[in-house]
Every structure is written in C-alpha cells, then in structure tokens.
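Here the structure is laid out as structure tokens; the discussion comes afterwards.
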Amino acid sequence: GNSVTQMEGPVTLSEEAFLTINCTYTATGYPSLFWYVQYPGEGLQLLLKATKADDKGSNKGFEATYRKETTSFHLEKGSVQVSDSAVYFCALSVNQAGTALIFGKGTTLSVSS
Amino acid sequence: DGGITQSPKYLFRKEGQNVTLSCEQNLNHDAMYWYRQDPGQGLRLIYYSQIVNDFQKGDIAEGYSVSREKKESFPLTVTSAQKNPTAFYLCASSMTGQETQYFGPGTRLLVL
C-alpha cells in the first residue's frame with residue numbers, strides 16, 4: 001500500500017543551523033509529494049510540493065527534491081529561525097485529484113536562539 | 001478573503017452526546033475532507049466528498065457521520081458511538097483536478 005515515513009522528532013536546533021528532515025515513501029505509480037507545516041494550535045499550511053521526479057519544490061528558504069530512485073523527499077533549510085519552530089508533515093497523493101492525502105506522522109522542530 | 005473556516009475552535013462533549021463540527025469554504029472547491037489528528041499519529045482520513053450529495057468513508061469513519069448538501073459546507077457529526085473522540089479535527093478542501101489540499105484552522109474536541 002501507499003505510505004509515508006518521516007524521521008522521528010523532536011529535532012532541536014540552534015538558530016542559523018542547517019535543517020534536514022527525512023521523508024521516504026512507498027507508492028504505486030507516480031505520486032505527487034508535499035510538505036505541510038503546522039504551527040501550534042493551527043491547521044496545516046502547504047509549504048512546498050513536487051509533482052514529478054527530479055522536481056524541486058521551494059518556499060520560504062525550504063527546499064525538497066523528488067528523488068524517485070531513493071523514493072525520498074527530504075526537507076532542507078540552510079539557516080533556520082526561531083519562527084520555523086513547528087510540526088512538519090510529509091504527504092503524498094497518488095495522482096487522483098479529489099482523493100485524500102497520505103501523511104507521515106509529523107516531525108516536531110524546535111529552534112532556540 | 002477566501003479560505004476555510006471551522007467552528008467552534010474548542011468543543012466539549014458529554015458522554016452519550018452527539019456533537020457537530022462545522023466546516024465552510026468560499027474557495028469554490030468541489031472536494032472536501034475531514035481528518036483526525038492525534039499526538040504522534042499524523043492525520044487520518046475520516047470522510048471525504050468529491051461533489052455535493054456524495055461522500056465516501058475514509059480509514060476511520062466508524063462513529064462519525066457527514067453530509068454535503070451545499071458545495072461550501074461539509075459538517076462532521078461525532079456520534080456517541082465514537083468512544084474516543086478527543087482529538088484535533090481538521091477540514092480541508094481542494095479544487096477539481098488538483099491534488100493540493102487547503103486546511104482550516106481546526107477544532108479541538110474534548111470529552112467532559
């Protein structure tokens with residue numbers, strides 16, 4: 001079946017450190033991949049997405065590259081800020097618009113100054 | 001402003017009581033979804049609807065019911081059959097032919 005596996009958190013970093021959050025997936029066909037972010041007490045916001053192999057999604061300094069050969073979509077940021085503290089979710093869609101996303105369990109990031 | 005609204009922000013349920021969570025969107029999206037979020041478990045799909053007057057069960061539909069009488073509204077009822085309803089409930093919507101989903105701010109349900 002289709003599934004998403006994220007690295008377990010929490011991830012604790014100092015401000016300006018480099019961030020990587022690992023995400024791997026299992027899927028039939030060619031899924032689209034997403035990163036969502038959830039700030040405390042709020043809903044999810046789309047951070048970035050990629051729809052085909054080798055695509056790079058980017059937004060607000062975050063990047064992730066769709067790697068079909070390793071079935072991965074790792075999230076990276078070169079220099080984190082305290083305001084990046086949140087829960088990050090990797091998700092996939094099996095290319096059927098109008099059907100649900102499949103989410104990983106989420107990774108909590110805590111950035112200290 | 002276009003978006004998804006959920007109400008109330010917090011909801012308290014007594015034993016044996018049915019409660020209804022509201023979800024409204026003015027994005028003109030056809031598809032709408034309900035997810036449940038528990039700590040450390042990510043999001044799990046309860047129900048989804050691709051068009052008005054039609055909806056499908058998700059992975060954890062037992063103890064929940066929905067209706068889709070209007071395109072912009074997709075209320076979720078947590079029935080007394082749901083024995084462990086304490087969770088954060090998220091509503092989402094998507095445009096026809098698009099996979100990206102947009103989320104509301106969520107409703108936290110607590111049992112008294």
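Within the listed set A:S32, A:S83, A:S72, the residue fluctuating most in the Gaussian network model of chain A (springs between alpha-carbon atoms under 10 angstrom) is A:S83. Here the stretch A:1-49 and the stretch B:55-112 have alpha carbon centers that stand 22 Å from each other.
With a cut-off of 13 Å, note down the residues of the stretch B:7-42 whose backbone N falls inside the zone around a label point 7 Å from the Cα of B:T79 toward its beta carbon. Within reach of a label on B:T79: B:17-19. Here chain B has 48 percent of its accessible surface on carbon and sulfur atoms, given a 1.4 Å probe and all protein chains in place.
For the stretch B:30-98, which trypsin sites (Lys or Arg not before Pro) are in a loop by DSSP, counting at most 13 other Cβ atoms within 10 Å?
B:K83
The residue list B:F12, B:Q41, B:F55 was ranked by how far each Cα lies along the charge dipole of chain B toward its positive end, using unit charges on Cβ atoms, and B:F12 comes out on top.
Per residue of B:96-104, other chain Cβ atoms within 10 Å of the residue Cβ number 6 on average.
Report relative contact order for chain B in percent, whole number only (criteria: Cα-Cα under 8 Å, sequence separation at least 6). Mind showing how you got there, number by number?
Numbers: 288 pairs, mean separation 39.3, N = 112.
Result for chain B is 35 percent.
Taken per residue, the accessible surface of the stretch B:15-98 reaches 46 Å², heavy atoms only and a 1.4 Å probe. Counting only other chain Cβ atoms within 10 Å of each residue's Cβ, the peptide B:29-42 averages 3.
At 1.4 Å probe radius, can you tell me the per residue accessible area of chain A in Å²? Each step should come with its number before you reach the end.
Numbers: 5270 Å² over 113 residues.
Each residue of chain A exposes 47 Å² on average to a 1.4 Å probe.
Average projection, convex hull of the Cα set of chain A: 6.8 square nanometres.
Across the stretch A:36-46, rounded Karplus estimates of 3J(HN,Hα) from the backbone phi angles (6.51 cos²θ - 1.76 cosθ + 1.60, θ = phi - 60°) give 10, 10, 10, 7, x, x, 10, x, 8, 10, 5 Hz, Gly and Pro being marked x.
With a 1.4 Å probe and every protein chain kept in, tell me what percent of the accessible surface of chain A is carbon plus sulfur. The partial results should precede the final answer.
Working: 2460 of 5270 Å².
Here carbon and sulfur together make up 47 percent of the probe-accessible area.
Using bins of 10 Å that start at zero, the share of Cα-Cα pairs per bin across the protein assembly as shown amounts to 8, 33, 35, 20, 4, 0, in whole %.
Put simply, chains A and B cover up around 1600 Å² of each other's accessible surface, both sides summed, when a 1.4 Å probe is used.
Please return the longest range in chain A lying between exposed loop sites, taking trypsin sites (Lys or Arg not before Pro), DSSP loop only, at most 16 other beta-carbon atoms within 10 Å, and leaving the sites out. So the longest stretch without any such site is A:1-51. Over chain B, all Cα pairs binned in 5 Å intervals from 0 give whole-percent P(r) values of 2, 13, 24, 27, 19, 10, 4, 1, 0, listed from short to long. For the stretch A:45-113, applying the loop criterion from DSSP together with a ceiling of 12 other beta carbons within 10 Å to the GluC sites (Glu not before Pro) yields A:E69.
The values are calculated or read from the model by the stated rules, or taken from the named source; none is laboratory data. As the structure is a prediction and not an experimental result, all values here were calculated from the model. Glycine gets a Cβ as well: all are built from the backbone with ideal geometry, and neighbour counts include every protein chain shown. SASA here: full protein model, heavy atoms, side chains in, ligands and nucleic acids out. Shrake-Rupley method; radii C 1.70, N 1.55, O 1.52, S 1.80 Å.
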